[in-house]
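Laboratory data are not the source of any read-out in this text; all were calculated from the coordinates shown. Because the structure is a prediction, the values reported are computed rather than measured. A quick note on method: Cβ atoms are made from the backbone with ideal geometry, for glycine too, and the neighbour counts reach across all protein chains shown.
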Amino acid sequence: MRRRSSLPVTFLVPTLAILLVLSMVPTLYAIVIALQNRELSTPGYSWVWFSNFADLFLDRRFLNAVWVSVKWEIVTVVATMAVAIGLGVLMFEVASPRLRNVYCLLFIIPVLLPRVSAAFVWKFAYHPLYGIATYPYRLITGGLIFDPLSKASTALFAVASVDVWQWGLFFAVIVLKLLETLPPQPIEAARLDHAKRWQIHAYVTLPMLKAPLISLMFVKMIESLRSFDLIYVMTRGGPGVATETLDMYAFSQGFIESGKVSYASAMAVLMMIATVITFTFLWKRVQA
Amino acid sequence: MSAITCSHVDKAYGATTVIRDLNLAIEEHEFVVFLGPSGCGKSTLLRMLAGLEDISGGEMSIGGKVVNDLDPGDRGIAMVFQNYALYPHMTIFDNIAFGLRRQKVPAPEIKKRVEAVARTLGLEPYLGRKPTELSGGQQQRVAIARAMIKTPKVFLFDEPLSNLDAKLRNHMRVEIARLHQSLKTTTVYVTHDQLEAMTLADRIVLLKDGVIEQIGSPAEIYRRPGNMFVAGFIGTPNMNFVEVTVGRSGNGWTLTGAGTVLSITGQGYHMQHGDRAVLGIRPPDLKTAGADRGCNLLQGTADLIEFHGNDALVTFGSGGKEVSALVPARECPDLCAPVRYTFDEESIHLFDAATGLSLRKQ
């Protein structure tokens, strides 16, 4: 009995210790730095406690970054889920099993691309003079220039479209596979119950898939938080601050513009707290 | 006018034909059971009626209207599935009301009708629950309620009792029979269980490999099976088959086989001297022969005895052929004891050895 009970401990303790060190040390260090006034240009520092946080709430660029982050989160998550469900259901209804496999293969390719590659591909595609994505506009308007990445009103959506292109198509494959796992009888019963095609999905199949779809949404929400590389390559937060999310702003405050690492750390800590609270709240809501 | 007509109906999946040139007419208010071994096409046929499977050839009509190309919802049918097929995320009330809501029936009327149906089936206490919180029998009752509420022209049941345990199955079978007595809705019921078929059906349609073997009332099918397949499929314990050679003797006929010679008058059968035939006799029709009985005997040594309660099934070898007799338990012989059984001529069946068809004159 003793040997049996000590085995899990033997395996768990070292791994958990490593994990704890790897995750907690940087986190705690970030919190410590956020309470100081370190800058990259000078080695000296002093403790300023919460003045970095106080400054943040007076910083209009920070408040803009919060708003952009929220917009980014909502736009990418909603669009991804909409594309995933729409395309998944469409494939389920229209495509033959053979064709479905072909589509699935095609739809997985974008998400396999490294983010930076995807970002460059689309940056070229959105090029106002040569881009394939802007070509239809030039064709219709007889050569007018449209540069979605350098207009404040469209830049965020243009970048978000790349995110949705990668994840929405991938999730469509998952939604299709989920639909295929459903037992066929409730769908047949719904057909006998006078339900139209779209009603079958709205009232029967998608509600039956509620739990996995919510899990998918959570995955996408977490994934959307990590969009730094995509935005960095495509717009660097521009034009102006139109696509400057919190992580972009923290990065530029910490390393590019002023080297204020303490100020940047304060942002990171705030982001962490906000994320933990939001996700805990949402998770509880969903479980209930 | 018949409620359902199938004329020259075919069903093929690619090169495989599942149902071949099937013709069938089902009368209004009739309870018809499709019976057959698994893979005989009975469920496919039902699903074609429901509109869940395409019809490859021929014509199907329900209530005088050709339904080949109609959507399942527009055929005036309601179906009960083997695994209930309830909507798992909806309450029982919503499950029953789903069809009415899709037809845009006003909410107060839906409430009234759902409550009325729930009352009939004893589901009132469960209306607020989810399907998973109900037992198998209750779930099946919900499925029946969901079918009933549409007041269909035809009820379709696809092996509705197969997922229930034996006791509940008997109970639900009685409920379905009562329901049909009170509603009188034309019903097509698919099963592989001959007891269900015999007890519920007005008429049984016995299918094998997508072809109708025989149509008739349970009594007809039991008493006058049209061929060896029907004879062997219907009736438990299974009918004994003994290969015999037909011979003419005086005014009657002799059947030689299984180490014995049987003489019968042969009235009512088509026979010729020298024919190869198969004698069919049900185990309950074999009777213990008295010591003075000298002819029409099947005898051997009892090598297996299965006790059934009131009766016992005695299996013995007769001329190298295994034969079973169902005898009252008190007449049950000891194992390995010699047994002698006889029969009345009215209870035998004769089939052509080559075609398997009954030799009985129509």
Add -39500 (n - 2.57) for each DSSP H run of 4 or more in chain B, then divide by its residues: what number comes out at 222 nm, to the nearest 500 deg cm²/dmol?
-> -7000 deg cm²/dmol
Charge dipole (debye, nearest 20) of chain A; +1 at Cβ of Lys and Arg, -1 at Cβ of Asp and Glu = 680 debye
A:165, A:47 arranged by Cβ crowding within 10 Å, fewest neighbours leading | A:47, A:165
Model label zone, residue A:25; criterion: amide N under 15 Å from point 7 Å along Cα-to-beta-carbon; scope region A:256-288 | none
Lysines near residue A:71 by alpha-carbon distance under 25 Å, same-chain residues fewer than 8 away left out - which ones?
-> A:123, A:151, A:210, A:220, A:284
Selection from A:225, A:211, A:270, by position along the positive dipole direction of region A:200-288 (Cβ) = A:211
Among B:14, B:232, B:57, which one moves the most in a GNM of chain B with springs linking Cα atoms closer than 10 Å?
-> B:14
Round to the nearest 0.05 the FRET efficiency obtained for residue B:133 and residue B:211 when R0 = 25 Å and r is the Cβ-Cβ distance.
-> 0.05
Just grab the label-to-label distance for residue B:335 and residue A:236, each label 7 Å out from Cα along the Cβ direction, in nm (one decimal).
-> 9.5 nm
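Can you put B:48, A:272, A:24 in order, fewest other beta carbons within 10 Å first?
Sorted ascending by nearby Cβ count, the order is A:24, A:272, B:48.
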Run the quick spin-label model on residue A:226 and residue A:277: label points 7 Å from Cα toward the beta carbon, then report their separation in nm to one decimal.
-> 2.5 nm
Length gained if residue A:71 through residue A:40 is fully extended, taking 0.36 nm per residue and subtracting the Cα-Cα distance, is 8.0 nm
Could you work out how far the C-alpha centroid of region B:121-138 sits from that of region B:21-41, in angstrom?
-> 31 Å
Pulled fully out, how much extra length does the chain show between residue A:82 and residue A:6, if you take 0.36 nm times their separation in residues and subtract their Cα-Cα distance?
-> 22.5 nm
The size of the Cβ-based charge dipole (Lys, Arg +1; Asp, Glu -1) of region B:240-352 about the Cα centre, to the nearest 20 debye, is 240 debye
Starting with the fewest neighbours, write out B:285, B:10, B:54 ranked by other beta-carbon atoms found within 10 Å of each beta-carbon.
-> B:54, B:10, B:285
How much mean residue ellipticity at 222 nm does chain A get from its helices, if each DSSP H run of length 4 or more adds -39500 (n - 2.57) and you divide by all residues, to the nearest 500 deg cm²/dmol?
-> -24000 deg cm²/dmol
Please work out the C-alpha center-to-center distance from region A:10-31 to region B:248-310 and express it in whole Å.
-> 87 Å
In a Gaussian network model over chain A where Cα atoms closer than 10 Å are linked, find which of A:276, A:233, A:70 has the largest mean-square fluctuation.
-> A:276
For helix B:166-183, what angle does its Cα long axis make with the longest principal axis of chain B, in degrees from 0 to 90 and rounded to 10?
-> 70 degrees
Please find the FRET efficiency linking residue B:13 to residue B:116, where r is the Cβ-Cβ separation and R0 is fixed at 41 Å, and quote it to the nearest 0.05.
-> 0.50
Mind checking the dipole of region A:1-95: about its Cα centre, +1 per Lys or Arg Cβ, -1 per Asp or Glu Cβ, Debye to the nearest 20?
-> 540 debye
Between residue B:288 and residue A:145, what is the label-to-label distance in nm when each label sits 7 Å out along the Cα-to-Cβ direction?
-> 11.1 nm
Relative to the first principal axis of the alpha-carbon coordinates of chain B, what is the inclination of helix B:92-102, with its axis defined by its Cα atoms, in degrees from 0 to 90 and to the nearest 10?
-> 70 degrees
Between B:198, B:48, B:164, whose Cα lies farthest towards the positive end of the dipole of region B:4-225 when Lys and Arg beta carbons carry +1 and Asp and Glu beta carbons carry -1, centred on the Cα centre?
-> B:164
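Defining a contact as two alpha carbons under 8 Å apart and six or more residues distant in sequence, what relative contact order in percent does region B:168-226 show?
Computed value for region B:168-226: 21 percent relative contact order.
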Length added when fully stretched, residue A:210-residue A:132, from 0.36 nm per residue minus Cα-Cα = 24.3 nm
Within 10 Å of each Cβ of B:81-94, how many other protein chain Cβ atoms are there on average?
-> 4
Taking Cα atoms only, helix B:107-120 is inclined relative to the longest principal axis of chain B by an angle, in degrees rounded to 10, of 30 degrees
Mind telling me which of A:122, A:167, A:198 comes out most flexible in a GNM of chain A, alpha-carbon contacts under 10 Å?
-> A:198
